1. Note down the magnitude of the dipole of the chain about its Cα centre, charges +1 on Lys and Arg C-beta and -1 on Asp and Glu C-beta and zero elsewhere, to the nearest 20 debye.
2. So what's the net charge close to Phe46: Lys and Arg +1, Asp and Glu -1, counting the other residues with Cβ under 12 Å from its Cβ?
3. Just need the relative contact order of the range 8-65 here, percent rounded to a whole number, with Cα pairs under 8 Å and 6+ apart.
4. Leu15: net charge of surrounding residues, Cβ under 10 Å, Lys/Arg +1, Asp/Glu -1, itself excluded?
5. Quick one: Leu5, Leu63, fewest Cβ neighbours within 10 Å first, how do they rank?
6. For every other residue with a beta carbon closer than 9 angstrom to the beta carbon of Thr56, add +1 if it is Lys or Arg and -1 if Asp or Glu, then tell me the sum.
7. Taking the simple approach of a point 7 Å from Cα along Cα-to-Cβ for both Cys13 and His32, what is their distance in nm?
Amino acid sequence: MKFELYTDVALTCDLPEHRLRRGDIVKLVDHHVAPDGTEGYSIEVFNAVGDTIAVTAVHASALEALREDEVLCARAL
């Protein structure tokens, strides 16, 4: 699925190296296409007060659109 840049999406998997979990909200900041044709995105992750806590790249399959039936929540790192 192709996402619009600078939108919020949710992770579909844990990223333990960044202490991120499935369902965490991330901001899309760049789109990549690898030489083998697979798509990915650079993401930026913010804490609850807006400070950047991680910037990394993930495969497009690690992301999903937010849905109307979901509620945002906060958790401690």
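1. Values: 7 positive and 14 negative charges, 41 e Å.
With only Lys, Arg, Asp and Glu charged at Cβ, the dipole is about 200 debye.
2. Values: positive: Lys27; negative: Asp8, Asp24, Glu44, Asp51.
Overall, the nearby charge balance is -3.
3. On the way: 108 pairs, mean separation 18.8, N = 58.
Averaging sequence separation for qualifying contacts and normalising by length gives 32 percent for the range 8-65.
4. Details: positive: Arg19, Arg21, Arg22; negative: Asp14, Glu17, Asp24.
Charge balance in the 10 Å sphere: 0.
5. Numbers: Leu5 11, Leu63 20.
By the 10 Å Cβ count, ascending, the order reads Leu5, Leu63.
6. On the way: positive: none; negative: Glu17, Glu44.
Once all neighbours under 9 Å are counted, the net charge is -2.
7. 1.4
Coordinate-derived values only; no laboratory data. Everything numeric in this text was worked out from a predicted model, so none of it was measured. We place every Cβ from the backbone using ideal geometry, glycine too, and count neighbours over all the protein chains shown.
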